[in-house]
Amino acid sequence: DIQMTQSPSSLSASVGDRVTITCRASQTISGYLNWYQQKPGKAPKLLIYAASSLQSGVPSRFSGSGSGTNFTLTITSLQPEDFATYYCQEKVFGQGTKVEMK
Amino acid sequence: EVQLVESGGDLVKPGGSLRLSCAASGFTFNNAWMSWVRQAPGKGLEWIGRIKSKSDAGTTDYAAPVKGRFTISRDDSKNTLYLQMNSLKTEDTAVYYCTTDRKWLIPTLDYWGQGTLVTVSS
C-alpha cells in the first residue's frame, strides 16, 4: 500500500498567518490526492480534491498544489475557525497535522 | 440536504461480530458510491472500504487491515449501507463513519455521518 507522510505533525500559528502543510506519498500518485479538515468531536470535511480543486463552499484562502509524490495545502490567511487537524488522503490517510493557536 | 445516520455501535468482546447501519437520505442512494472510515480514540483517520453502485457492478474494495473480516453491503430499497464486522480485535475500537464517495479513482469523501462508536474489549 502507498504510505502518506505529512509534515509537520503539528504547528503553532496566529490569525492572519500563512500556513503550509506538506504531504508526501511513498510512490507516485499523479494528482490523486484529497485534503480534509477535522475539528474536535466533529466529522471531517472535504476541502480539496484532485490535489488542487476546491470543494464547493470552502473559502478561497485554502488551496492545494502538487503532483507525483509531493503535495501542499496552503491557508493564505489563517482565520480563527481554521484551527483544526488536517489530513491528506490518497486511499490511505496521512497521520494528520494539528494547527494550533500560538 | 444529504443526511447520513450511522447506528449499531456497541461494546463487543474480542472475536465477536457486529453490524453497523447507515441510513441515507437527501440524494439518490442507489446511484451513489459509499465508503466507511474509522477513527480510533485520539488517533487519525483510517479508510476501511467502499462499495460502488449496482450500476457500476456493486464491487467492493477494502483496506488491508480489515480485508477478509469486514464486509460492506447495501440495500438500495432501504437507502441503507451496512458494515458487517467479524473476528473483531481490540484495535478495531473506533468511531465508524459512513460517507458518500465520489465516483473517482480514489475514495473522495464529501458527506459524512456523525459516527457510531464501536468498543472491542473483554
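Residues in segment B:84-102 include at least one that is within 30 Å of A:Gly31 (Cα to Cα) and at pLDDT below 95. In a residue-by-residue description of segment A:80-95, the property of being free of Cβ contacts under 8 Å to residues at least 60 places away in the same chain, within 12 Å of chain B (Cβ to nearest Cβ), aliphatic (A, V, I, L, M) and in a loop (DSSP other than H, G, I, E, B) applies to no position. When A:Gly66, A:Gly16 are checked against the criterion of being loosely packed, with under 14 Cβ neighbours inside 10 Å and away from chain B (no Cβ under 14 Å), a single residue qualifies: A:Gly16. Determine which member of the set B:Glu46, B:Glu91 is within 13 Å of the chain's Cα centre (by Cα) and among the acidic types (Asp, Glu). After ruling out the rest, the residue left standing is B:Glu46. Flag: A:Ser60 does not match the condition of being touching a Gly at 6+ places or on another chain (Cβ under 8 Å), part of a loop (DSSP other than H, G, I, E, B), more than 14 Å from every other protein chain (Cβ to nearest Cβ) and not aromatic (Phe, Trp, Tyr). Here B:Ser35 clears all of (1) more than 12 Å from chain A (Cβ to nearest Cβ); (2) within 15 Å of the chain's Cα centre (by Cα); (3) in contact (Cβ under 8 Å) with a residue 12 or more places away in the chain except the condition numbered (1). In segment B:108-122, which residue that is part of a loop (DSSP other than H, G, I, E, B) and away from chain A (no Cβ under 13 Å) is surrounded by the fewest Cβ atoms within 10 Å (Cβ to Cβ)? Checking each candidate, the answer is B:Ser122.
If you go through segment B:58-107 and pick out every residue that is acidic (Asp, Glu), under 17 Å from B:Glu6 (Cα atoms) and away from chain A (no Cβ under 14 Å), you end up with 3. Of the candidates A:Lys102, A:Lys42, the single residue that is surrounded by fewer than 16 Cβ atoms within 10 Å (Cβ to Cβ) and under 20 Å from B:Asp110 (Cβ atoms) is A:Lys42.
Of the residues making up segment B:84-107, those that are in a helix (DSSP H, G or I) and farther than 17 Å from B:Thr71 by Cβ are B:Thr90, B:Glu91.
Residues that are crowded, with 19+ Cβ neighbours inside 10 Å number at least 2 in the following strands (runs of 3 or more DSSP E) confined to segment B:7-70: B:18-25, B:33-39, B:45-51.
The values are calculated or read from the model by the stated rules, or taken from the named source; none is laboratory data. Since the structure is predicted, the reported quantities are computational estimates derived from the model, not experimental observations. Ideal geometry is used to build each Cβ from the backbone, glycine not excepted, and the neighbour counts take in all protein chains shown.
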